[in-house]
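Student: This is the structure I want to talk about, given as structure tokens.
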Amino acid sequence: MSLDPIERLVLELGRLPGIGERSATRMAFHIIRQSQGRDSGSLARDLAAALLAVADEVGFCSQCRNLCRGERCKVCADASRDQGLLCVVESVVDLKAIEATKTYRGLYHVLHGALAPLDGIGPDELKIDALVTRVTERGYREVILATNADVEGDATALYLARLIKPLGVQVTRLASGIPSGGELEYLDHATLGRALTERREY
Ligand SMILES: [Zn+2]
């Protein structure tokens, strides 16, 4: 019943995005090689500890659904951020990409995905109700829709604009300059920063 430990490691590594069986096997043997004969400095033990820590300690920020330790993330806890500006992103990776441009000082809302009805991802999965409630209660002056410039990202932005505009909030979208089909996380800082600065009314 129980799997050989090496096979098990290859199997688990193969569940990671972009990792095929070959890469998983190579990684597994690297980890095993770096973990022989020593208790401290063992890659396997360090990895295991790091994985357990994220599983046990990291959760969603109660306000923006960013990942964090504790109740609120660093962005939400920072009173010096512009409290009237909300930027909606698909993922935490996108949030980090926008932070890296150093051109944005408002707050965020992380959807953890984009609308993709064929894959069973609808408004409920993205907890869009919570976003609309947040916008209604907080009275932001502007909501920036910073979803990806692909089919799902555009559909998500359109859907959100239809919900948020009637609340009397200005809704903007990142400027063009993002290549069509473009995913935010792969843009260089300058391009993403410009798309943010030159955002347009939706
Ligand atoms: Zn937060």
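Student: So what's the angle, to the nearest 10 degrees on a 0 to 90 scale, between helix 92-101 and the longest Cα principal axis of the chain?
Tutor: Roughly 70 degrees between the two axes.
Student: Compute the orientation-averaged projected area for the stretch 79-201 from the convex hull of its Cα atoms and round it to one decimal in nm².
Tutor: Average projection, Cα convex hull of the stretch 79-201: 7.0 nm².
Student: Moving to a separate point now. After finding the eigenvalues of the alpha carbon gyration tensor for the stretch 52-101, what semi-axes result from the square roots of 5 times each, listed largest first in whole Å?
Tutor: On the way: eigenvalues 79, 37, 17 Å².
In descending order, the three semi-axes are 20, 14, 9 Å.
Student: Over the chain, what relative contact order in percent results from Cα pairs under 8 Å that are six or more residues apart?
Tutor: After rounding, I find 15 percent.
Student: Find the Rg to Rh ratio for the stretch 5-58, where Rh is the Kirkwood radius over alpha-carbon pairs and Rg uses the same atoms.
Tutor: Computed over Cα atoms, the ratio is 1.00.
Student: Using a 7 Å offset from the Cα along the Cα-to-Cβ direction at both Thr103 and Asp188, what is the distance between the two label points in nm, to one decimal?
Tutor: Computed distance between label sites Thr103 and Asp188 equals 1.3 nm.
Student: Using only the Cα atoms of the stretch 98-149, construct the convex hull and provide its projected area averaged over every direction, in square nanometres to one decimal.
Tutor: 4.5 nm²
Student: Fewest first, what order do Ile6, Ile121, Ile128 take by the number of other Cβ atoms within 10 Å?
Tutor: Ile6, Ile121, Ile128
Student: May I pose another question? Principal axes first, then extents: for the Cα atoms of the stretch 21-164, list largest minus smallest coordinate on each axis, whole Å, largest first.
Tutor: That gives 59, 39, 27 Å along the principal axes, largest extent first.
Any read-out appearing in this document is the output of simple, stated calculations on the displayed coordinates, not a laboratory observation. This one's a predicted model, so the numbers in the text were calculated from it and none came from an experiment. Cβ sites come from the backbone with ideal geometry, for glycine too, and all protein chains shown count toward neighbours.
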